[in-house]
1. Looking at segment 329-367, which of its residues are in contact with a Leu (Cβ under 9 Å, 6 or more places away or on another chain) and loosely packed, with under 15 Cβ neighbours inside 10 Å?
2. Search segment 277-302 for residues that are more than 20 Å from Phe254 (Cα to Cα) and pair each with any residue that is exposed (fewer than 12 other Cβ atoms within 10 Å of the Cβ) when their beta-carbon atoms are under 6 Å apart and the residues are at least 6 apart or on different chains.
3. Looking for something in contact with a helix residue (DSSP H, G or I) (Cβ under 6 Å, 6 or more places away or on another chain), under 20 Å from Ser63 (Cα atoms), touching a residue at least 12 places away in the same chain (Cβ under 8 Å) and part of a loop (DSSP other than H, G, I, E, B) - is there at least one such residue anywhere in segment 350-360?
4. Would you confirm, using the coordinates I've provided, whether Ile492 is modelled with pLDDT under 80 and either part of a helix (DSSP H, G or I) or touching a His at 6+ places or on another chain (Cβ under 7 Å) (or both)?
5. Give me a count of the residues in segment 245-278 that are closer than 20 Å to Asp231 by Cβ and basic (Lys, Arg).
6. Please find, among Gln454, Gln439, the residue that is among the polar types (S, T, N, Q), at pLDDT 75 or above and within 20 Å of the chain's Cα centre (by Cα).
7. Please state which one of Leu37, Leu72 is closer than 25 Å to Gln357 by Cβ, in contact (Cβ under 8 Å) with a residue 12 or more places away in the chain and surrounded by fewer than 18 Cβ atoms within 10 Å (Cβ to Cβ).
8. Would you please list the contacts, defined by Cβ atoms under 8 Å and residues six or more apart or on different chains, that run from a residue in segment 137-149 that is over 13 Å from Tyr184 (Cβ atoms) to a residue that is surrounded by fewer than 16 Cβ atoms within 10 Å (Cβ to Cβ)?
Amino acid sequence: MTLTKAYELLASQPTSIAPYSAEKCENIVISAVTNDLGNTIVISRYGDTQWDMWPFFNQSNLSDGVKSFNWLRIPEGFRPACKAVIYRYWRTGIPGTRRPGAVSIMRVLQALLGFTKYLTDQNLTYFSQVRPIHVSNFVHNQRNVKCLSTNALVKNFFPLEILYRFNKEHEDGLKFHPWPESSYFDVAGMSGQAREKVTQASKTPLIPKGVAQQIFSFSERVLNNAHCVLDERDTGLRRKYRDQDVKLIRDCCFFLIGILTGMRCEEIVGIEIDAGRTEKKNGITYHWVTSIEHKTFKGRVEYMMPSLGHVILEVMERFSAPLRLILKNQICKMESETCDAESPRYQKTLARLKANQNRLFLGVSGRGVSAVTIGGWRMAMRNLASLAGTDWALAPHQMRRLYAWTFVRHRLGNLLFLKEQFKHSSLDMSQLYASNPNQDSPLYDEIFEEIQSQKVDIIESWLSDEQPLAGGAGIKIMKMRGHDFPNRSALILETSTKLNLRSTGHGWCLAQDDGCGGQGLYEKGLCVDCGNGVIDQSFKKVWQQLYSDQQELVREAEDLGPGAVDRVRRDMSRAKKVLNALGANIE
């Protein structure tokens, strides 16, 4: 039995309860589904104490607890006005913006819960009793007493504007603007330069290279041994559903597929059987994995992956086989027992089972077999990092950030690293991605943001008085430091957007055209006096090794003649010049 949202019924509901009596409002439908027999089952109505919104949630990694709201949690005096305002916001949204999704509604309700409880603590019972001083004190409480982050303040202040904007929905609406001639963004401190700083500060932490390598190697070892462990499970030598080594296979596969594709947590959890495919174009082999992208409503998308991805998917199909069988049997049993088929509880359970029946990243909890929630993955990733021998607080979204960072290392020139890490048959990742139109475009946004961030960091380090530089362009940059710039941050940001910056493996190339045509990649000494070359501290070890290599070559070059000796001594002199500029101890 297939369930879909009852679109026709939901579309016929009023957009506002203001014109209707309280009795008529009670029966307004909030959520409903239609089965494949054409029968409509109402899940929640306006008058219910609990609004169950599960039909509007498509995300695979969210628990049932975040899909419903119990109105008894809102203090009784504030409840009618909150209900009326939230219903209107849910039905129409704010003019000029997209209608809010179910996730947004639940966030607003949680924030309203906090605000109304604060008002109750101030001995207030209705919104008509609220005065500007109360709002001002609430802002002070959130900022200075609870010391919430700027992002948390934005979420907590936004519902107050909703209460005011839709105050005509109920006679007890909030009658005054909470912050005249301002906005919740400004009051929360999320505007102008402050917003830029908060955005940077709230960025997902980047897994350190050494930590990432350690967890990756550990996960690969688990993957390589996965079939042995699953053989033991399938022959009864291990517990079928709660064995820790079996569970570790799933967690390692989650980490590996995340770090190799850039998929979000919900998209990894949404992977189903037969999700991988391979194709060849112009002699290049492409590997793809399919899932559903919900955050930006992209829908079905494909992520490029290395050939290792197929191994991961194969292992996960075998891992999940007994769990999927349980779900299949439960579905058959429920559909054969139709005595409760019209009840919302029955429909909710059946919908959850069917949504999970083909998924790979399943787990077993108190409610049976289901997709692992975001909270479950947070604990699983921390445990994985610990088992791998690190103390890093690994979190699901960090794999996407590391993927973007690795992509940027490619874009800035470290091609060999990318080829080794991702096992690609071609080095031009952009071309590979462009070959498939069904891409997750927000992933590109994160990659470009990462490019911008790294370029800003690099340029900022060059302008620091503590950073010695070599190379023709490096000498010019050091001379620029003596100039007084009105806005240093703006200069760096503007420069980073226009500067074409590439790594050669032994320095940075600023050529905005063909430059030397790539000769500097092979003859490293050319970059030392090149007007487009910058060599900073990050390449010091490279030049130390080059200098050491040239010292060894001097003796061998004597057997090849004066020309070879001159070439070696010239390259050794250039390496020495760079090391002196960088303040390295040549001996």
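The values are calculated or read from the model by the stated rules, or taken from the named source; none is laboratory data. From a predicted model like this one, the values you see are computed outputs, not experimental measurements. Reconstructed Cβ throughout: ideal geometry from the backbone, glycine too, with neighbour counts over all protein chains shown.
1. Glu335, the sole residue that qualifies.
2. Pairs found: Tyr286/Glu279.
3. For segment 350-360, residues in contact with a helix residue (DSSP H, G or I) (Cβ under 6 Å, 6 or more places away or on another chain), under 20 Å from Ser63 (Cα atoms), touching a residue at least 12 places away in the same chain (Cβ under 8 Å) and part of a loop (DSSP other than H, G, I, E, B): present.
4. Details: modelled with pLDDT under 80: yes; either part of a helix (DSSP H, G or I) or touching a His at 6+ places or on another chain (Cβ under 7 Å) (or both): yes.
So Ile492 passes the test.
5. Total satisfying the criteria: 2.
6. Gln454
7. On the way: Leu72 fails: closer than 25 Å to Gln357 by Cβ.
Criteria check complete, one pass: Leu37.
8. Final answer for the pair search is Asn137/Gln122; Ser149/Ser202.
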